[in-house]
There are 2 protein chains.
Amino acid sequence: MARRRRGGGKPTIADVARRAGVGAITVSRALREPDRVSEDLRNQIATAIEELGYVPDRNARALASARDDIVAVLVPSLTNNVFAEVVRGLYDGLGDSHLQLHLGNTHYSGIEEERLLRVFLSQRPSALVVSGIDQTPAARAMLQKAGCPVVQIMETGSNPVDMMIGFSHFEGGRTVTRHLVEMGYRRIGFIGARMDPRSQRRMAGYRAVVEEAGLYDPRLVTTTPTPSSVSLGRELLRHALAKSPDLDAVFCNNDDLALGALFECNRSALAVPGRIGIAGFNDLDMMEVAFPSLTSVRTHRYEIGRRAVAMVRAALSGTRQPEHVVDVGFELKIRESTSRK
Amino acid sequence: MARRRRGGGKPTIADVARRAGVGAITVSRALREPDRVSEDLRNQIATAIEELGYVPDRNARALASARDDIVAVLVPSLTNNVFAEVVRGLYDGLGDSHLQLHLGNTHYSGIEEERLLRVFLSQRPSALVVSGIDQTPAARAMLQKAGCPVVQIMETGSNPVDMMIGFSHFEGGRTVTRHLVEMGYRRIGFIGARMDPRSQRRMAGYRAVVEEAGLYDPRLVTTTPTPSSVSLGRELLRHALAKSPDLDAVFCNNDDLALGALFECNRSALAVPGRIGIAGFNDLDMMEVAFPSLTSVRTHRYEIGRRAVAMVRAALSGTRQPEHVVDVGFELKIRESTSRK
DNA sequence: TTCAAGGATGGTAGCGCTACCATCGTCGAA
DNA sequence: TTCGACGATGGTAGCGCTACCATCCTTGAA
């Protein structure tokens, strides 16, 4: 694939040097540190590059300089809006640096994460960004030996491989649930899909509050390993109501489920928030617009992405800040869907 | 960044060879063509690799073999669910090949696309996947000279750089609009955000039908260059109704807008589809679940991603199929939101 | 005028890997 | 028994670039 005949093919730096009548190293410098080359030569070189259509070879550069400008990123999903925004933040955080993002999709699988880590490590990246704190032991070992800055994102924990930026999902779950309790709901259900470690911790937060309030009932919990979607939200709410017809509120593990739950209520003429209260998690754009508007927990995923890259850049430039674990928090957005008169 | 001392640092293939008591080339072969190495040596080598924690260096490999297993992909957005699914398809299409995806985000900018193309080309990728057919002349020239398979995705057109897979947005726009006309709507509006080339063509399809039916009125068209969102859908519908209170249907350029429009109608107690009909584009999961369910045009974006990679693989393995332009079509999904009694 | 200091430029020697071409058995046919 | 064929293994020479050090020239102080 993309095979070139040995010796043949694209112009190299030597071709440019010859044409510009300078040494190869000067061309190399003109490209990387223009200040150190006189303007005359710089122009000649630029002309030669233009005429030849020269494109430097990153592989050769990386090999020779034993450095690479790649930041390898592992996320569990690209279709999940939450991670899509994290990635957007990562890109924006790059700014004018020469860093490049290399994305890997683990599909919520530890094994796959391990495999991708191996693949990416063979690129000798400048830095590694991984999602969550539940790496397999092997993956964690690889991260520790990577010899480059590592950032774990989306969660906080007490045992970072290197750096960490995120928030506490457990606290997030507690906060929403506490709100529902305070609003007077008594038969508060939980519906969750996929149930990755972060979902689990949100559910644990739910359970902690509900138990403390003496309202816990396992029949109020409905989960499935199936990936989350709006249609699944509808189904899960239906199941939940079938199991516990007296359900009077649901904490939906994410906003897609919440939207699906809302639609189900609309369709079944169950008044929201009168008959049933609904809360989601992440606070996607649509939550505020929905009718009724939906209570959710605003997570700062874009900011997490941006700041993760900032941390990487700081670490690479030697000015690594002291704090290795950053908690960006979250924000409960109370809206119509849980405001019982 | 990620600098290693010359000579120092990670174990190399020579270290593995020494430890296993074999030649370097044999280690190389054991890794790439295990069949050609005896089982004894293969085991010794595997042990040595394990003990040393050896990870091959992709850069060196790419340089030495003048080949690289990277497929560079340029998409305009990663947060747009449509492209997120294309990317998912691309990943799934990879299967067991050794290809790796390298994602770039053009932010709907031709200039940025050009810049990224330059960056990616310096990696000498095995193949290139770009979105749409509206590359700048410079970008198109680079694609033509890339010397590797190129796939343009998401649209079809008559002048492919190399290969192409997608569908006609113009026809998509025509189809929805024709449906609205057939359902008896007479004051059919169009609302659109971002208005990238594909949106423009969908709008052109709308206009063609509406003009043919003698229903065209510029006041029925509401667009903005702002990126699309659910909340924007709500606003745009409000604007549209302010301009043309007799609006009786809207073709929303995408599903997010359609959902926002629906919520606005709910909130303003405008019956859907009785007072106003709503149609979207792309058919995201939520369209079917919404109440009322929303008419949309199902686009096969996941399939486009998968097949784009399949085309790349076929081209790379020499079995390039004859058809260079593939139209995967689309499917009108008629639902409650446009079914006037 | 001399000479150290510093900027601009170039030559050489790899970076870690694989293509290419030996070399060295081993085995079966003659 | 001999010899060619073939499979397994290894040595050498780069791939295109940059680190490192040498060289040359300019500049300004003594």
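Couple of notes before you dig in:
- Judged by the mean number of other Cβ atoms found within 10 Å, the most tightly packed of the peptides B:21-34, B:244-257 leads the ranking B:244-257, B:21-34.
- Accessible-area composition of the stretch B:164-312, carbon plus sulfur, in percent [1.4 Å probe]: 50 percent
- Tail beyond 12 Å, pair distance distribution of the stretch B:13-56 (Cα, percent): 49 percent
- For residue A:137, the point set 7 Å out from Cα toward Cβ sits 6.3 nm from its twins in the other copies, listed from shortest up.
- At least 40 Å² accessible surface lost relative to isolated chain, residues of the stretch B:117-147 (1.4 Å probe): B:122, B:123, B:124
- Peptide-level mean, for A:53-65, of C-beta atoms on other protein chains within 10 Å: 6
- When shorter helices are ignored and each DSSP H run of at least 4 residues is given -39500 (n - 2.57), the per-residue value for the protein assembly as shown at 222 nm works out to -13500 deg cm²/dmol.
- Residues A:228, A:317, A:122, ordered by accessible area of protein heavy atoms at a 1.4 angstrom probe radius and largest first, appear as A:317, A:228, A:122.
- Using the 1.4 Å probe convention, the accessible area of the stretch B:183-249 works out to 43 Å² per residue with neighbouring protein chains retained.
- Counting from the shortest, the label point at residue A:52, 7 Å from Cα toward Cβ, is 3.5 nm from the same position in each remaining copy.
- Note on the stretch B:271-341: Cα convex hull, mean projected area over all directions, 5.6 nm².
- Estimated at the nearest 10 Å², the accessible area of residue A:336 is 70 Å² with a 1.4 Å probe.
- Position residue A:271: other-copy label points at 2.2 nm, ordered by increasing distance, label point 7 Å along Cα→C-beta.
- When the surface is traced with a 1.4 Å probe over the full set of protein chains, residue A:243 keeps roughly 100 Å² accessible.
- Computed over chain B: relative contact order in percent, which uses C-alpha pairs under 8 Å that are six or more apart: 16 percent
- Distance from the alpha carbon centroid of the stretch A:187-206 to that of the stretch A:243-270 works out to 15 angstrom.
- Pairs of alpha carbons in the stretch A:261-310 whose separation is greater than 12 Å (percent): 67 percent
- For the stretch A:100-140 versus the stretch B:120-159, the gap between their alpha-carbon centres in whole angstrom: 29 Å
- Largest-first principal axis extents, alpha carbons of the stretch A:209-298, Å: 33, 28, 27
- Solvent-accessible area of residue B:154 with every protein chain in place, 1.4 Å probe, in Å² to the nearest 10: 10 Å²
- The protein assembly as shown: projected area of the alpha-carbon convex hull, averaged over directions, in nm²: 33.8 nm²
- Modelled this way, with points 7 Å down the Cα-to-C-beta line, the labels at residue A:204 and residue B:141 are 5.9 nm from one another.
- For the stretch B:137-290: rounded, prolate or oblate by the Cα gyration tensor [a/c cutoff 1.5]: prolate
- Zone residues, the stretch A:188-202, relative to residue A:328, backbone N less than 18 Å from point 7 Å out along Cα-to-Cβ: A:198-199
- Accessible-area composition of the stretch B:26-121, carbon plus sulfur, in percent [1.4 Å probe]: 46 percent
- Using only alpha carbons, the stretch B:35-186 has a radius of gyration to Kirkwood radius ratio (Rg to Rh) of 1.15.
- Euclidean distance between Cα centres, the stretch B:297-341 to the stretch A:14-88, Å: 36 Å
- For the stretch B:177-251, the Kirkwood radius over C-alpha pairs fed into Stokes-Einstein at 20 °C and 1.002 mPa s yields D = 173 µm² per second.
- In the context of the full set of protein chains, the stretch B:13-56 has a per residue accessible area of 61 Å² (1.4 Å probe).
- Residue B:319 paired with residue B:339, simple spin-label distance in nm, labels 7 Å along Cα-to-beta-carbon: 4.4 nm
- Dimensions (Å) - chain B, Cα atoms, principal axes, largest first: 84, 38, 36
- Size of the B/A contact, given as accessible area buried on both chains, probe 1.4 Å, in Å²: 5900 Å²
- Per residue, the stretch B:295-341 exposes an accessible area of 50 Å² to a 1.4 Å probe, with every protein chain left in place.
- Shielding score for A:281-291, defined as the mean number of other chain Cβ atoms within 10 Å: 5
- Interchain or long-range residues, amide H under 5 Å from residue B:130's placed H: B:74, B:151, B:152, B:153
The values are calculated or read from the model by the stated rules, or taken from the named source; none is laboratory data. Note that the structure is predicted; figures quoted are calculated from it, not measured. Heads up, the Cβs are rebuilt from the backbone with ideal geometry, glycines too, and the neighbour counts pull from every protein chain shown. The protein model used for the area step is the full one, side chains on, heavy atoms only, and it has no ligands, DNA or RNA in it. Shrake-Rupley method; radii C 1.70, N 1.55, O 1.52, S 1.80 Å.
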